[in-house]
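A quick write-up on the structure given underneath.
The values are calculated or read from the model by the stated rules, or taken from the named source; none is laboratory data. Only a predicted model underlies this, so the values are computations on that prediction, with no experimental measurement involved. Heads up: the accessible areas ignore ligands, DNA and RNA and are worked out on the full protein's heavy atoms, side chains in. Shrake-Rupley method; radii C 1.70, N 1.55, O 1.52, S 1.80 Å.
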Amino acid sequence: MNPTVPSLDSLIALNPAQQPAYEDQALVAKVLDQLRSLPPLVFAGECDALKHKLAEAAQGRAFVLQGGDCAETFDSVTAASIRGRLRVLLSMAIVLTYAAEVPVVKIGRIAGQFAKPRSSTTETRDGITLPAYRGDAVNGFEFTEEARRHDPARLLQVYNASAATLNLVRAFTKGGFADLRAMHSWNSDFIRTAKVSGRYEQLTSEINRALAFMIACGVDDESFRTVDFFASHEALLINYEHSLTRIDSRTSTPYNVGGHLLWIGDRTRQLNGAHVELLKSLRNPVGVKIGPSAKASDIADLVETLDPTAEPGRLTIISRMGATKVRDLLPPVIEAVEATGRRVCWVCDPMHGNTFSSANGYKTRAFTDVAEEVNGFFDVHAGLSTWPGGIHVELTGDDVTECVGGVADLHEEDLAHRYETVCDPRLNRTQSLELAFLVADRLSMMERRRVDFVGMDF
Ligand code: PEP
Ligand code: CO
């Protein structure tokens, strides 16, 4: 039974939330026609491979690391920025793989994460009100009437920026940069004194010794040289996502070829809404974000709609409840989803439920809250004997100062130093690695518990 792709008109008739308001509809039609004729950015077989890996994570045999910018920008499509983001994600993945001994499914919020849902349609500064910035896919960040106008031609730029990004990501991950033997050099410019860098250096030395040993034994596996890395973004703009939905010639089924995994945001997950309607027709693995307003029975209905055949790896639920709420709000949702008989992949986003404004006016997050939500997520899953399948984080490879806390002990006064995000505050490189060590410690405790259980069988 192959679902058919709903027409764009039928989706628009559902009045999707969080869409741009374009003035020139003829231009919109022209842009969408152009997008429909452009080649795929990803291939159906790659989406299937990711689905297979996510099925492993759903079954407790792998762990998902999904991360990247809150909002990618056209300006950040540079070799240095892309390399920086990949470097921090790959370093985190190595920490998780080595310290926790689980295969890590590596997914970037990258090559397509250009559109943002906003809680307010406008922004007011010094008495002037303009449309809110909705990501480079829709309008410009600059606070002028011209920049904030919604421009459909930007969708072509999204396609091109995504293609250029993905091209470099493929080159880096398959062409030598990701070689495990070179990992020592990725973070050689770390601040020497940081607690995290010491632990990281020790880990890389151990891995290098192990690799040297294996190579001396004659093992020279291709898997040391390359990594599988997947692209994901929030499927927010219905017209863009529809234009990149194609029928795969091999299977005659619909895939979105703009990213391997697409997720539906917390603000657009209405059961009969356009986003759910479009994503349920795709064969890609899909995700859904759920926040504190999620009702357990609604999420169970959503799960049945998005994954009608209980297909392994099909569905990832990304919870972002907030550090103080996760222990109370997540268990009933997990229980309701489990009661549908499905094994979904449970991923924790410890970022979006923990945002606050600093006294000096920055939108920020505290590392302690991020850590506390991750710990709550692990505790909840331990209590229910379900598998904590992964984390979803907003991060950057640069040494920015956007989130407070962490080993570098950033304070609110430090935020002004390098606050560069155009949307939500991201973990910097040290904070990201610190989080990876925290997660690795939690995972390795679970591993030991599993081994203990095996031992008890005898
Ligand atoms: C996001 O992931 O950037 C986002 C907007 O998240 P959420 O849908 O969880 O609010
Ligand atoms: Co965000």
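Of Thr309, Thr324, Thr421, the residue with the largest accessible area leads and the full order is Thr324, Thr309, Thr421 (1.4 Å probe).
Rolling a 1.4 Å probe over the protein chains gives Lys51 an accessible area of about 10 Å².
Roll a 1.4 Å probe over the protein chains and send me the accessible area per residue for region 88-178 in Å². Mind dumping the intermediate values first?
On the way: 3510 Å² over 91 residues.
For region 88-178, the solvent-accessible area averages 39 Å² per residue.
If each Cα of region 246-300 is one equal point scatterer, what is log10 of I(q)/I(0) from the Debye formula at q = 0.28, 0.31 Å⁻¹? Log10 I(q)/I(0), no solvent term: -1.16, -1.30. Rg and Dmax of the chain, based on Cα coordinates, read 21.5, 73 Å. Between the amide H of Arg283 and those of Tyr255, Asn256, distances stay under 5 Å, these residues lying 5 or more places away or on another chain, with hydrogens modeled in the peptide plane.
Mind checking the per residue accessible area of region 205-356 for me, 1.4 Å probe, whole number of Å²? Don't skip to the end; give the middle numbers.
On the way: 5500 Å² over 152 residues.
Computed with neighbouring chains in place, this is 36 Å² per residue.
Dividing the convex hull volume of the alpha-carbon atoms in region 301-458 by its residue count gives 133 Å³ per residue.
Quick check: the distance between the Cα centres of region 362-425 and region 226-278, to the nearest angstrom? Cα centroid of region 362-425 versus Cα centroid of region 226-278: 27 Å apart.
Maximal additional length on extending the Glu338-Ala210 stretch stands at 42.1 nm, based on 0.36 nm per residue less the C-alpha distance. The calculated 222 nm mean residue ellipticity attributable to helices in the chain amounts to -13000 deg cm²/dmol, summing -39500 (n - 2.57) over DSSP H runs of n ≥ 4 and dividing by all residues.
Of all DSSP bridge pairs formed entirely within the chain, close to 25 percent run antiparallel.
Keeping the other protein chains in place, figure out the carbon and sulfur percent of the accessible area of the chain, with a 1.4 Å probe.
With neighbouring chains kept in place, the figure for the chain is 53 percent.
The Cα-based radius of gyration and maximum Cα-Cα distance (Dmax) for region 103-207 are 20.3, 58 Å.
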